[in-house]
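Working notes, structure below.
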Amino acid sequence: MKRILFHSATIVISMIWLVINHQTYNPFSLKGPEFLKFYLILLSGFYLSVFSLNYLRQTISKTTFYFMMVILFSGMIKITIGLFLGKPIGYLVILLIIQFIAMNLCGFIGRTTPRKV
């Protein structure tokens, strides 16, 4: 339960930023640079919490993996929308590559069970 609250805090912070700055709850309605700001806030906060759990020698649970997948799929949805509309998607691709590297560092790529630190 603590981990769910720990990870959901970053999602709540990014959603609060979204509502305050853009008066919407839908991040997919944002244009390119604004979505990148939202996505970067979401990624940096989430992976800061994941790496802090690693530093504190806590196990990385499946719940953490599910949060990672939700963030990854939201980026992939926005890439798909950008491709269909013919928009540039380079920065988002770079962020997704960084996310795959972070997932690999956390031990979720190529493993069937969560890594115990």
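Find the residue count for segment 9-43, including only residues that are of a type in the set (Val, Ile, Thr), closer than 19 Å to residue 69 by Cβ and free of Cβ contacts under 8 Å to residues at least 24 places away in the same chain. Outline the logic, then answer.
Step one: list which residues in segment 9-43 are of a type in the set (Val, Ile, Thr), which gives 10-13, 16, 19-20, 24, 41.
Narrowing further to those that are closer than 19 Å to residue 69 by Cβ: 10-12, 41.
This time we only want the ones that are free of Cβ contacts under 8 Å to residues at least 24 places away in the same chain, so: 12.
Matching residues across segment 9-43 total 1.
For segment 1-37, enumerate the residues that are among the hydroxyl-bearing types (Ser, Thr, Tyr) and either part of a helix (DSSP H, G or I) or closer than 21 Å to residue 48 by Cβ (or both). Full working, then the answer.
So the first thing to find is which residues in segment 1-37 are among the hydroxyl-bearing types (Ser, Thr, Tyr), and the list is 8, 10, 14, 24-25, 29.
The answer is 8, 10, 14, 29.
Scan segment 44-68 for residues that are assigned to a loop (DSSP other than H, G, I, E, B) and touching a residue at least 24 places away in the same chain (Cβ under 8 Å) and report the count. First the steps, then the outcome.
Filtering segment 44-68 down to residues assigned to a loop (DSSP other than H, G, I, E, B) leaves 56-61.
With touching a residue at least 24 places away in the same chain (Cβ under 8 Å) added as a condition, the list becomes 57-61.
Of the residues in segment 44-68, 5 are assigned to a loop (DSSP other than H, G, I, E, B) and touching a residue at least 24 places away in the same chain (Cβ under 8 Å).
Within the set of pairs 6 or more residues apart or between chains, which connect a residue that is under 12 Å from residue 43 (Cα atoms) inside segment 69-97 to a residue that is among the hydroxyl-bearing types (Ser, Thr, Tyr) and assigned to a helix (DSSP H, G or I) with Cβ atoms less than 7 Å apart?
Listed by first residue and then by second, the contacts come to 75/39; 95/39.
Report whether or not residue 5 is of a type in the set (A, V, I, L, M, F, W, C), loosely packed, with under 14 Cβ neighbours inside 10 Å and under 16 Å from the mean Cα position of the chain (by Cα). Give the steps one after another, and end with the answer.
Details: of a type in the set (A, V, I, L, M, F, W, C): yes; loosely packed, with under 14 Cβ neighbours inside 10 Å: yes; under 16 Å from the mean Cα position of the chain (by Cα): yes.
Taking the combined requirement at face value, the residue satisfies it.
Residue 60 fails exactly one of the following numbered conditions: (1) more than 30 Å from residue 84 (Cα to Cα); (2) within 12 Å of the chain's Cα centre (by Cα). What is the number of that condition?
That leaves (2) as the condition not met.
Quick one: how many residues across segment 12-60 are modelled with pLDDT of 85 or more, β-branched (Val, Ile, Thr) and either out of contact with any helix residue (DSSP H, G or I) (no Cβ under 7 Å at 6 or more places or on another chain) or more than 18 Å from residue 96 (Cβ to Cβ) (or both)?
Within segment 12-60, residues that are modelled with pLDDT of 85 or more, β-branched (Val, Ile, Thr) and either out of contact with any helix residue (DSSP H, G or I) (no Cβ under 7 Å at 6 or more places or on another chain) or more than 18 Å from residue 96 (Cβ to Cβ) (or both) number 6.
The values are calculated or read from the model by the stated rules, or taken from the named source; none is laboratory data. None of these values were measured; they are calculated from a predicted model. Note that we place each Cβ from the backbone using ideal geometry, even for glycine, and neighbour counts take in every protein chain shown.
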